[in-house]
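Take a look at the structure set out below.
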Amino acid sequence: MSHLKSRFLSLAFFSIQLALLSVSCRGEKSLAVQDAWAYPAQLNGNGAVYFRVVNQSGQEDNLIGATTEIAAQVEIHQSLMDSSGTMSMEHHPRISIPSGGSVFFEPGGLHVMLIGIQRELKAGDRVPLQLTFQNAGEISVEVEIREP
């Protein structure tokens with residue numbers, strides 16, 4: 001076999017290994033945001049976004065922030081009820097997403113709070129939301145506005 005042909009085959013084999021390693025690593029870092037939705041909301045009002053985060057990776061990750069062009073401010077909150085039945089909201093700077101697990105953001109629990117909504121949100125609208133994770137980085141999702 002010629003020297004040139006041998007080098008070509010070695011390079012081809014190396015390229016295939018690199019491609020397989022790349023696919024393998026991406027699979028291990030798999031984090032998905034599913035079914036993002038929110039109720040309709042008024043201009044200058046507040047709203048909340050709900051979704052499910054599925055972590056199929058081999059390591060815990062943390063939701064550490066969120067942004068959107070449709071609200072003046074975005075925060076991660078959890079609704080809580082005290083012993084007297086009074087509801088309140090608590091700001092969380094990070095939410096842990098366990099390895100191999102999922103976390104639900106749903107009414108009465110965790111949610112992404114939209115403060116100072118910049119335009120009316122009507123049923124059927126779709127709006128952008130960027131979620132920032134400590135390891136996975138930024139994930140952009142489309143939020144569907146739904147009737148209650």
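Every number here is computed from the coordinates shown, using simple stated rules; none is lab data. Quick caveat, the model's predicted, so the values are computed rather than measured. Cβ placement follows ideal geometry from the backbone for every residue including glycine, while neighbour counts extend to all protein chains displayed.
For region 31-145, a Kirkwood hydrodynamic radius built from all Cα pairs, placed in the Stokes-Einstein relation at 20 °C and 1.002 mPa s, yields a translational diffusion coefficient of 149 µm²/s. Net charge near Met113, counting Lys/Arg +1 and Asp/Glu -1 over other residues with Cβ under 12 Å of its Cβ? With Lys, Arg at +1 and Asp, Glu at -1, the net is -2.
Fewest neighbouring Cβ atoms within 10 Å first, the residues His92, His77, His111 line up as His92, His77, His111. Maximal additional length on extending the Lys122-Asn62 stretch stands at 18.5 nm, based on 0.36 nm per residue less the C-alpha distance.
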